[in-house]
Amino acid sequence: MTATAPQIVSALLPWYEAAHRRLPWRPTPGGEAGDPYHVLLSELMLQQTRVDTVVPYFERFLAMWPTLEAFARATEDEVLKAWAGLGYYSRARNLLACAQKAAADGGLPQDVPGLEALPGIGPYTAGAVASIAFGVSAPVVDGNVERVLSRLDGRSADPRSTQGRKALWARAQQLHDATEASGRHGDLNQALMELGATVCTPRRPQCSECPVRPHCVVRASGEDPESLPVRAARRKPTLVRGVAGLLRIEGGVVMGRRPPGLLGGMWEPISLELDKGDALRPSVVRAFSERCGLAVQVAQRRGQVVHTFTHRKLTCTVYDVRGQGEPRALDYYTEVRVVRDPADVALSTLARRILALGPQLSLPLAADGD
Ligand code: SF4
């Protein structure tokens, strides 16, 4: 039998108070609400990204831009450079657009509809900011919460299905309704997420440490908790081929700034994605002529980089390239130039890995994720 919402809440909140991890963006449980800017920043950084990867980025962002207003004055280039290596760069662009809109309006909206109206803010982030920073009763259902609630209630619906998702959000709302008296909506959301991240983990959940174990349907059934949540088979990533050329001119490398879309605004050595049947070396020549107006010769093959994006697996073959002239942005890049110091531009992890294949261009690899 599934537990009542008050039973779950009254087991969860004291556990969270005692067992939560201290993280730089987290308010003290039961204490003051979180700073809305810190909550927004951390929530966007944490999407698809591990906590230990996020912590140094979060601290660096706050050192550079201590307030929402200061951040709103940053340029997109500065933000992408600071974000480089965290991946999913649309988050960085959305964060800046959000901050600019909110700063112009006098601060972040304090309710879910207002937050959801900001660029790139979905129900999850809106709920997290509204509950943690403003104490609003707003459920959030991320991967961790999906797992906890699926196991706790023994739910067999795929949480990514419309029906499964609706049921989970409704259940999360019940838990918030049971939290109304204490008003600890932010703590409740964080407790559910924390339980999923540290105890009710995807593999080998620590049921013996779990505060809601007495109420857990899957445990009581004797089934393996890892069998939930049920997931539809993952789509296999599409295999994509590409080439990149390292052309050195006057101590720098010719690079282009990508257009909006995947890795939009990030810089890379001149590259091209191939169609079926395209030969590698002629494609490098084509990339330089079509994308930056240079006639080049392709020299030594430097190696290959295999890089996985969410639904795509790119195999990029990298060549040294010889040529001269003044590169200019033609039909693809929004800007092309000779980059002498890679620290001057925002580089994705993929671009860093391509550059690392060239001589004297070894760069520290940032965290993965893009
Ligand atoms: S008892 Fe085990 S399966 Fe159930 S919620 Fe706790 S950790 Fe997850």
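Here are the numbers for this structure:
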read-out	value
Around His176: net Lys/Arg minus Asp/Glu count, Cβ-Cβ under 12 Å	-1
FRET efficiency, 1/(1 + (r/R0)^6) with R0 25 Å, evaluated for Asp177 and Gln110 via beta carbons	0.80
Principal axes of the stretch 241-370: Cα extent on each, largest first, Å	36, 35, 28
Percent RCO, i.e. relative contact order, over the chain, from Cα pairs under 8 Å lying at least 6 residues apart	18 percent
Pair Gln206, Glu32: separation of 7 Å Cα→Cβ label points (nm)	3.1 nm
Carbon plus sulfur fraction of accessible area for the stretch 238-355, probe 1.4 Å, in percent	48 percent
Segment Ser90-Ala329, extension gain: residue separation times 0.36 nm, minus the distance between their alpha carbons	83.8 nm
Of all accessible heavy-atom area on the stretch 5-227, the percent that carbon and sulfur account for (1.4 Å)	50 percent
DSSP beta bridge pairing in the chain, given as percent antiparallel to the nearest 5	65 percent
Distribution of pairwise C-alpha distances over the stretch 5-227, 5 Å bins, in %	1, 7, 15, 19, 19, 16, 11, 7, 4, 1, 0, 0
Where trypsin sites (Lys or Arg not before Pro) fall in DSSP loop in the stretch 38-124, at most 16 other Cβ within 10 Å	Arg50, Arg73
Accessible surface, per residue, of the chain when the full set of protein chains is kept, probe 1.4 Å, Å²	46 Å²
Dipole axis of the stretch 182-316 (+1 Lys, Arg; -1 Asp, Glu on Cβ), positive-most option in Val284, Ala232, Gly251	Val284
Listed residues Phe134, Phe309, Phe288 arranged by accessible area, highest first, probe 1.4 Å	Phe134, Phe309, Phe288
Centre separation in Å (Cα based) which lies between the stretch 183-215 and the stretch 105-126	26 Å
In degrees, nearest ten, helix 5-19 long axis to first principal axis of the chain (Cα)	60 degrees
Gain upon complete extension [Val338, Arg50; 0.36 nm per residue less C-alpha separation]	100.3 nm
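The values are calculated or read from the model by the stated rules, or taken from the named source; none is laboratory data. Please read all numbers here as calculations on a predicted model, not as lab measurements. FYI the Cβ positions are ideal-geometry reconstructions off the backbone, even for glycines, and counts take in every protein chain you see. Areas reflect the complete protein model, heavy atoms only, side chains present, ligands, DNA and RNA absent. Shrake-Rupley method; radii C 1.70, N 1.55, O 1.52, S 1.80 Å.
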